[in-house]
Each structure stands twice: as C-alpha cells, then as structure tokens.
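Peer 1: Here it is, the structure, as structure tokens.
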Amino acid sequence: MTAPALRLQGVSKNYGTLRAVDRVSFEVRPGQLYALLGLNGAGKTTVLRTVLGMVRPSAGSVTVLGRGLGDRSVRAEVGYLVEAASAYPELTVRENLEVARRLRRLGSPTAVQDAVELFGLREHADRRARVLSQGNLQRLALARAMLHRPSLLVLDEPVNGLDPAGVVEVRTLLERLAREQGTAVLLSSHILGEVARVATRIGVLHRGRLLDEFATAALPDRVRRHLELTTRD
Ligand code: ATP
C-alpha cells in the first residue's frame, strides 16, 4: 500500500475554552478525493488551515507524505484554494497564471502552458478573466493552485455557489487530477449532495469531532436516489 499523502493523528485545536477541533484523525491517500462534511462551525476550515500550517494545533500531528509541517520541503507538495475563486479581471487567463508563477518563483517557464493544457483552458487562455464563466474561473483558480504540481490539494468549499454544471466541471477536473496525476484532494462542504458528487470518501465532522467516515459508493441506495446520484458516483 502506498503511503498516505496526508495523515492527521489526534489533531485538536482550542480557542480559549472552545474546542474547535477535537482529536481528529484521518488519512488521504494519493488519488483519493476526501471530503469533510459538516455544518457551519463544525470545524472544517480549522482542520484545513491546520493542514496548511496556518493554524497550529493544540495537540496531535499532521504529516504530508510522511513529513511534518515543519519540514520546508512540504510546502512544495501542497496546493490550496481556501477563498472564493478570484483572478485579476483585466489580465488574461495566461497572464494570471504567469503572475502566479513569478510570485511563487516557480522556475519552469512551461508550467503555465502545462497548466493551461491540463485544466482545459486552451481556448480561454487569451481571454480576460472578467469574461469567464464561474466554472472557468474556478478552473483558473485550480490551475493556479496546481501550478507547481503538488501531491496534495486542499480546497475549502470548492463548489460553494457553483451552478450544477459548474459542480460537474469541478468534479471532472478533480477526478482527472486524482486519476492522471495521483493528486490527493482534501475538500470541505456543508452539503451532502455536493460532496457525494465530488468526493470518493466522506468524513462527517460535527462540533469538532469526526463522527464517521465512509466511501461515497457505500451510501445507501435510497440516499443515492434522493440525492439523484448516478451510478458512477
Ligand atoms: P464554516 O463553514 O462556517 O467556515 P467550519 O466548519 O469551517 O464552518 P470553523 O470555521 O473551523 O468551522 O470554526 C469552528 C469553530 O471554531 C467555530 O465555533 C468558530 O467560531 C471557532 N473559531 C474558528 N476560528 C476561530 C478563531 N480564530 N478564534 C476563535 N474561534 C474561532
């Protein structure tokens, strides 16, 4: 079995007397699309921010490809998108990616063209970001997060506010990344119907605790019918 791309062991985070995250442990394997599902305030963002090293856990550990977050090489392995998709509106898709490449001092000049191809943005490459559909804007944001080809991609509510076609588009993209690049994806959402369409595995977070974990395919038939999931979900 391959090593997990991400492993959380007994992670807790206290804010004063509030325990926002309570002894959470789970793994995300290469090529797996793992969703944290929970109501607002369940602790999803805090878990994601802990994984990104933006929040220091009060207890427990996080490892990426077996390495602790203190290891500087881990940064190159992680891509993230934790706010709504945005871009410089007056710059083209290609220019937006080029700015990101330079800001992050990514050496490879082919990184931008590679990302354009990988994310199916070729026909939009010379269009300004402000004329893009929501779905294409999301593609651009994902392409930017993946410019350095990280092993782990962390996405906070990536399909929040997208129309059904946009959700399908993001799902198709994430599936491709998982399948073709072996990227491990950790994402969050508060809507079961959304995560069930995108993720292969779901962890239910409630009041900071991971209550349950299951494969999306293991959802009971009547739930699947209710959510109008197709058989490939
Ligand atoms: P949402 O979808 O609303 O972002 P969430 O599941 O991501 O919800 P968190 O944002 O992780 O939940 O918040 C979990 C709990 O921790 C909430 O009660 C929140 O008020 C609290 N919390 C989060 N960040 C802080 C902070 N910096 N200081 C104090 N309390 C915080």
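Peer 1: Please work out the Cα center distance from region 153-167 to region 117-138, rounded to the nearest Å.
Peer 2: Cα centres, region 153-167 to region 117-138: 16 Å.
Peer 1: Also, I was wondering about something else. Working from the alpha-carbon coordinates of region 56-103, get Rg over Rh, Rh being the Kirkwood radius.
Peer 2: Taking Rg over the Kirkwood Rh, I get 1.14.
Peer 1: Quick one: work out the % antiparallel among DSSP beta bridges in region 111-233, nearest 5.
Peer 2: Looking only at bridges with both residues in region 111-233, the antiparallel portion is about 60 percent.
Peer 1: Oh, and also: Once phi is turned into θ = phi - 60°, what whole-Hz ³J(HN,Hα) does the Karplus curve with 6.51, -1.76 and 1.60 give for every residue of region 89-99, x standing for Gly and Pro?
Peer 2: Rounded to whole hertz, the list is x, 8, 8, 6, 4, 4, 5, 4, 5, 5, 4.
Peer 1: Which whole-number percent of Cα pairs in the chain have a distance greater than 28 Å?
Peer 2: 31
Peer 1: For a quick check: with amide H placed at 1.01 Å from N, whose amide H comes under 5 Å from ARG29's, ignoring anything fewer than 5 positions away on the same chain?
Peer 2: ALA5
Peer 1: Sticking with this structure for a sec: Looking at the chain, what % of its DSSP beta bridges pair antiparallel, to the nearest 5?
Peer 2: Roughly 55 percent of the DSSP beta bridges within the chain come out antiparallel.
Peer 1: What residues qualify as long-range amide H neighbours of HIS206, i.e. H under 5 Å apart, gap of 5 or more or another chain, H built at 1.01 Å from N?
Peer 2: LEU211
Peer 1: Same structure, new question: Under the 0.36 nm per residue contour assumption, what length would be gained going from the current alpha-carbon distance of ALA76 and GLN134 to full extension?
Peer 2: Going from the current span to full extension adds 18.1 nm.
Peer 1: Please arrange ARG101, ARG139, ARG222, ARG176 by how many other C-beta atoms lie within 10 Å of their C-beta, fewest to most.
Peer 2: In order of increasing Cβ crowding within 10 Å: ARG222, ARG176, ARG101, ARG139.
Every number here is computed from the coordinates shown, using simple stated rules; none is lab data. What you see is a predicted model, and the numbers here were worked out from it, not measured in a lab. Cβ coordinates were reconstructed from backbone atoms using ideal geometry, including for glycine residues, and neighbour counts include every protein chain displayed.
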